[in-house]
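Working notes for the structure below.
The values are calculated or read from the model by the stated rules, or taken from the named source; none is laboratory data. Remember, predicted model here, so these are calculated numbers, not experimental data. Heads up, the Cβs are rebuilt from the backbone with ideal geometry, glycines too, and the neighbour counts pull from every protein chain shown. To get the accessible areas, we keep the full protein, side chains included, count just its heavy atoms, and leave off ligands, DNA and RNA. Shrake-Rupley method; radii C 1.70, N 1.55, O 1.52, S 1.80 Å.
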Amino acid sequence: MKIYNTLTKKKEEFIPLEENKVRMYVCGPTVYDYFHIGNARSFIMADVIRRYFIYKGYDVKFVMNLTDVDDKIIRKANEEKVEAKVIAERFSKAFFEDTNKLKIKPADVYPKATEHIGEIQNMNKKLEEKKIAYNVGGNVFYDVLKFKEYGKLSGKKIEELEAGARIEINEAKTNPLDFTLWKEAKEGEPYWASPWGNGRPGWHIECSAMSMKHLGETFDIHAGGHDLIFPHHENEIAQSEGATGKPFARYWIHFGFLNFQNEKMSKSLGNFFTARDVVNEFPPEAIRLFFCQTHYASPLSFSRELLGSAAKAVEKIKNFLFTLKEKSNQTSPEAQPVDLDFRKFYLDFQEAMDDDFNTPRAAAVIFDFIREANKILIGENPIHSEFIENAQTFLNKTAGDVLGIVPELEAAKQDESLADELINLLVKIRLEAKKEKNFQLADKIRDGLKNLGISLLDTPQGT
């Protein structure tokens, strides 16, 4: 298996720290609002990567943090005149609701920043003792010039950053590039007692403390959105390796931007759609397939047309499953074994995923398999039960267990049942409209259903 490592700027063979074990950390949400569909891309693709490691037989420990103390949370709390923890709890709950709808497997640990204040302070103390951090009036800063490898992840050079980077102006800092590890308490903000006075943690230090607490000082994989490479992940490396003197994460995976109208989708630009709104419009399997049809590191444009195409492709999977179910009742023990090379499809799928999690190619293998298997299913020859079992197993293991794009048949039946009930309801409303001589409404219902491919025929026995 090869992974493109942002740290080394090349594909590398994946060799875990411990045999058959993977320790993986993913930067999770700041819980001040519903997460948007661009954030969902990172969460879903991290989920696919984790699922594939499990498919390969690895014992995976998967950690995703929740940032539950932050400027944005405090700002929202002040606007609503409630405590910051009320906002954090509300949107943490919403996060779990939405990830569940998107079929994202729960993390093994969801550490919260507010529950790791002790670890954060201990790390700050270590950095201060090593003279890598300094305190100015209750604000603790990291001295980037003390970490000789600063910039190794992003490729940025300190001299260039000093010359032109947009860094917040703070006269208390020794260097404008130095970043905050601990913030002095301000009125109306949550705070904790510390050796430097009442205050709260900086953003970057939270992830370092939480990841090392649950995965160790050195772990296998750190992942997150491309926008986090600098400064967040760069600063994580500096403070973590500065504190321990050991390598931090060995492989860095970054997910490409989701764009809308040629701009990165973000809350600051206001050009976003929440994941919960999109999952109400499209099936979760379609959203997952939409993301899987582009490599995780490449930019992707949000498009309802492409989501619609993905939904149609998911319908093909659903129809294939229905066909398998129907044919399972028509199998014959005397039927000749089918000439379909299941092993080749497994190998092609694994070859794609082993190549830096190439989900577009892996998805193509699945649909190639469905096309070839359908040729056999629609034939006139009796089907052997072994073929049905092998086909279901292949689909469940690859499209289901790894990509998460197999719809639930029971859910599909419920959808069809609901559609029938809604049509019958519209037919009744139309009949009542006709009785009341509201022919305009009756025609509107009939024409609207016709546009959806449903024809109404009025007969003496009823509609």
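Summary table below
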| quantity | calculated |
| --- | --- |
| Reach of K2 by Cα under 17 Å, taken over lysines that are not fewer than 8 positions away in the same chain | K10, K11, K21, K56 |
| Global form of region 149-278, assessed from the alpha-carbon gyration tensor, a/c cut-off 1.5 | rounded |
| Region 272-365: relative contact order as a whole-number percent, Cα under 8 Å and 6+ apart | 36 |
| Reach of K131 by Cα under 30 Å, taken over lysines that are not fewer than 8 positions away in the same chain | K112, K146, K148, K152, K156, K157, K173, K183, K186, K213, K246 |
| Heavy atoms of V82: accessible area, 1.4 Å probe, square angstrom to 10 | 50 |
| Cα centroid separation - region 204-279 against region 70-138, whole Å | 14 |
| Helix 409-435 axis, angle to the chain major axis (alpha carbon atoms, nearest 10°) | 60 |
| Theoretical FRET efficiency, 1/(1+(r/R0)^6), r = Cβ-Cβ of I454 and K316, R0 22 Å, to 0.05 | 0.55 |
| Protection-proxy order for peptides 231-242, 289-300, each taking the mean of Cβ atoms within 10 Å per residue, highest first | 231-242, 289-300 |
| Qualifying GluC sites (Glu not before Pro) for region 72-176 [loop in DSSP, other Cβ within 10 Å: at most 11] | E149, E168, E171 |
| Accessible area in the full protein assembly, largest first, 1.4 Å probe, for R41, R23, R361 | R361, R23, R41 |
| Solvent exposure ordering (accessible area, 1.4 Å, most first) of T30, T398 | T30, T398 |
| Alpha-carbon centroid distance for the pair region 365-414 / region 421-463, whole angstrom | 38 |
| Region 199-280 - percent of accessible surface contributed by carbon and sulfur, probe 1.4 Å | 49 |
| GluC sites (Glu not before Pro) restricted to DSSP loop in region 272-372 with at most 14 other C-beta within 10 Å | E334 |
| Those lysines that a straight Cα-Cα span of less than 17 Å connects to K435, excepting residues fewer than 8 apart in one chain | K444 |
| Residue-averaged [θ]222 nm for the chain, counting only DSSP H segments that reach four residues, each worth -39500 (n - 2.57) | -15000 deg cm²/dmol |
| Solvent-accessible area per residue, Å², over the chain with all protein chains present [probe radius 1.4 Å] | 50 |
| Average Cα contact separation per residue, region 49-143, under 8 Å, 6 or more apart, as relative contact order % | 26 |
| Three semi-axes of the equivalent ellipsoid, the chain, Cα gyration tensor, whole Å, largest first | 49, 30, 18 |
| Counting DSSP beta bridges with both ends in the chain, the antiparallel % (nearest 5) | 45 |
